[in-house]
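What follows is a single structure, written as structure tokens, with notes after it.
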Amino acid sequence: MKPVALLLLLLLTACAQQPAPVPEDAPVPVAEGWNRMEPGGETSCSDGSPYAFYVRPGDADKLMVYFEGGGGCWFRRNCDPTLQPTYKINLKGQNLDNAQGIFDFTRTDNPFKDHTVVYAPYCTGDVHIGKVDRAYPPEEGQQADLTIRHRGMANAEAALKWTYANIQKPSSILVAGSSAGSIPSPYYALLIAEHYKDARVVQLGDGSGGYRRREGGSLPHAQWGTLAEVTKLPAYRDLNDESFGYDDLYTGAATVRPDIQFASYDAAEDAVQKQFLALSGIKGVSLLEMISANQNDIRAVDPE
């Protein structure tokens with residue numbers, strides 16, 4: 001073979017072996033067990049450290065999306081890591097290998113042991129629905145400036161973006177969350193149901209049914225920039241900061257998608273809910289009465 005022809009052949013072979021560009025939304029292969037995904041971009045924990053979500057592959061026809069709990073913050077004292085923080089600041093030490101309950105996949109009685117699971121950790125102090133970097137000014141003379149990255153929505157969107165690209169057509173979906181993670185679960189259940197239009201979607205919120213808007217209470221969502229994004233959906237476009245309550249996330253979703261099955265679980269005297277109600281200025285109330293009032297409002301829209 002002539003040298004020029006040989007060189008041309010080698011060049012053509014090399015070009016043929018170059019991998020084609022991978023589209024940003026192309027499926028990503030994952031290994032068995034928990035896979036840590038670091039999406040980068042606009043995602044972040046409250047302190048600026050990297051955010052990550054987790055994926056455990058299973059039956060692609062059965063999907064569970066779970067939002068982790070971990071408190072919340074909306075003023076200097078409960079946001080400042082050096083004072084009395086009431087939220088999970090970052091993902092340091094996050095490990096799902098020994099998780100229990102529905103995440104113990106060795107249990108034969110676990111109804112979700114075969115599901116594909118997308119697990120969204122929580123580290124932004126905004127119940128997964130913040131959309132702003134908020135500066136909290138010093139309350140005392142020697143305090144340094146403090147900015148909290150309330151980017152819970154960007155983090156959740158990154159997890160959902162991966163899910164949409166990699167789980168093509170599940171027929172059964174559970175959207176669940178605990179405590180702070182249960183608050184946004186009806187909102188994200190609506191988003192997921194709108195994407196997977198043919199799937200049966202069930203939502204379950206654990207431990208947030210007693211949060212109810214009351215005159216004189218603080219407005220955490222206003223600090224998080226929540227409604228600037230949430231009201232882009234027709235289901236929530238009439239909401240405003242002064243009247244918004246977390247039960248509105250249920251009623252709005254149920255109004256436009258009554259086919260979603262909504263559910264909640266609460267303890268009548270949940271100490272965590274009482275703690276955060278007190279922090280927001282609501283004290284000396286019956287948690288059970290507030291849970292019942294919220295449930296009545298939701299049933300008025302979605303009797304089933």
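Coordinate-derived values only; no laboratory data. This one's a predicted model, so the numbers in the text were calculated from it and none came from an experiment. Positions of Cβ are backbone-derived with ideal geometry, glycine not excepted, and every protein chain shown enters the neighbour counts.
Tell me whether the stretch 147-304 comes out rounded, prolate or oblate; compute the Cα gyration tensor, take square roots of the eigenvalues as a ≥ b ≥ c, and use a/c under 1.5 as the rounded threshold. Working shown, then result.
Numbers: a/c = 1.76, a/b = 1.41, b/c = 1.24.
Prolate.
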Set of the stretch 271-304 residues, backbone N closer than 20 Å to the point 7 Å along the Cα-Cβ line of THR255: 293-304
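Work out the length of the dipole vector of the chain about its Cα centre, built from +1 on the beta-carbon of each Lys and Arg and -1 on the beta-carbon of each Asp and Glu, and round it to the nearest 20 debye. Walk me through the intermediate numbers first.
Values: 27 positive and 38 negative charges, 119 e Å.
I would put it at about 580 debye.
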Order of VAL127, VAL65 under a 10 Å beta carbon neighbour criterion, fewest first: VAL65, VAL127
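Starting from 0.36 nm per residue, how many nanometres of slack lie between LYS92 and GLU139 once their C-alpha separation is accounted for?
Values: separation 47, 0.36 × 47 = 16.92 nm, distance 2.74 nm.
That pair, LYS92 and GLU139, stretches by 14.2 nm at full extension.
Longest exposed-loop-site-free stretch of the chain, with trypsin sites (Lys or Arg not before Pro), DSSP loop and at most 11 other Cβ within 10 Å? Walk me through the numbers before you get to the answer.
Numbers: sites that count: LYS92, LYS197, LYS232, ARG237, LYS283.
Answer - 93-196.
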Partner lysines for LYS92 [C-alpha distance under 25 Å; skip if fewer than 8 residues away on the same chain]: LYS131, LYS161
Charge dipole (the chain, unit charges on Cβ, about Cα centre) - positive-most of ALA144, GLY48, MET290: GLY48
Spin-label pair THR82/LYS197, simplified geometry with 7 Å Cα→Cβ offset, distance in nm: 5.4
Cα-based shape type of the stretch 30-301, given that a ≥ b ≥ c are square roots of the gyration tensor eigenvalues and the cut on a/c is 1.5: oblate
Karplus-derived HN-Hα couplings along the stretch 53-68 (A = 6.51, B = -1.76, C = 1.60, θ = phi - 60°), whole Hz, x at Gly and Pro: 10, 10, 10, 10, x, x, 5, 5, 7, 10, 10, 10, 10, 10, 10, 6
Nearest 10 degrees, 0 to 90: helix 3-17 Cα axis against the chain principal axis: 20
Ranked GLU242, GLU289, criterion: other C-beta atoms within 10 Å, fewest first: GLU242, GLU289
Nearest 10 degrees, 0 to 90: helix 185-195 Cα axis against the chain principal axis: 40
Degrees between helix 247-256 axis and first principal axis of the chain (Cα, 0 to 90, nearest 10): 60
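Assuming 0.36 nm per residue, please report the length gained on full extension of the stretch ARG107 to ASP47 beyond their Cα-Cα distance. Before the final figure, lay out the partial values.
Numbers: separation 60, 0.36 × 60 = 21.60 nm, distance 3.63 nm.
Here the segment from ARG107 to ASP47 would lengthen by 18.0 nm.
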Furthest towards positive pole of dipole, MET153, GLN168, GLN275, structure part the chain, Cβ charges: GLN168
5 angstrom amide H check on GLY58, placed H, neighbours 5+ away: THR116, VAL117
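Enumerate by residue number the GluC sites (Glu not before Pro) in the stretch 157-236 meeting two conditions: DSSP loop (anything except H, G, I, E, B), and at most 16 other Cβ atoms within 10 Å of the site's Cβ. Mind dumping the intermediate values first?
Numbers: sites: GLU157, GLU194, GLU215, GLU229; in loops: GLU215.
Here the sparse-neighbourhood loop sites are GLU215.
Classify the stretch 223-304 as rounded, prolate or oblate from the Cα gyration tensor: take a ≥ b ≥ c as the square roots of its eigenvalues, call it rounded if a/c is under 1.5, otherwise prolate when a/b beats b/c and oblate if not.
On the way: a/c = 2.43, a/b = 1.26, b/c = 1.92.
Note, shape of the stretch 223-304 comes out oblate.
Take the Cβ-Cβ distance between SER243 and ALA165 as r, set R0 to 35 Å, and report the resulting FRET efficiency rounded to the nearest 0.05. Each step should come with its number before you reach the end.
On the way: r = 37 Å, r/R0 = 1.05.
E(calc), rounded to 0.05, equals 0.45.
For each of TYR211, TYR51, count neighbouring Cβ atoms within 10 Å of the residue's Cβ, then give the residues from fewest to most. Mind dumping the intermediate values first?
Working: TYR211 24, TYR51 29.
Ordered by Cβ neighbours within 10 Å, fewest first: TYR211, TYR51.
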